[in-house]
Amino acid sequence: MAQVVIRHLDAEVVTRLKQRAKRHHRSLEGELRHILAEAATPSRKELSERARAIAKTLHGRWHADSTALIRMDRDR
């Protein structure tokens, strides 16, 4: 895991973050980890764009029916 150091935070910001952590029953470190992870999570729009890009690259390709392949494997 990586570590990040943030210097020169305003004392009021730290106080508010500690209060927020307390409301969520987390440590300050846990609250900051949660905030950063949430901020780094791709949005629905980003995920939709990725899905469209993948669909575009696969367009026109033939794909086997997985149901038939599973049935064949089970019958063996």
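The numbers here are math on the coordinates, done by the rules we state, and not lab data. Given the structure is predicted, the values throughout are model-derived calculations rather than measurements. All Cβ positions, glycine included, derive from the backbone under ideal geometry; neighbour counts span all protein chains shown.
Computed quantities for the displayed model
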quantity	calculated
All positions within region 1-45 that are aliphatic (A, V, I, L, M), loosely packed, with under 10 Cβ neighbours inside 10 Å and assigned to a helix (DSSP H, G or I)	Ala11, Ala37, Ala39, Ala40
Residue list for region 46-69, filter: in a helix (DSSP H, G or I), under 31 Å from the mean Cα position of the chain (by Cα) and hydrophobic (A, V, I, L, M, F, W, C)	Leu47, Ala51, Ala53, Ile54, Ala55, Leu58
In region 55-76, residue farthest from Lys18 (Cα to Cα) [restricted to those that are of a type in the set (Val, Ile, Thr) and exposed (fewer than 10 other Cβ atoms within 10 Å of the Cβ)]	Thr67
Residue in region 29-39 that is more than 18 Å from the chain's Cα centre (by Cα) and of a type outside the set (Phe, Trp, Tyr) present	yes
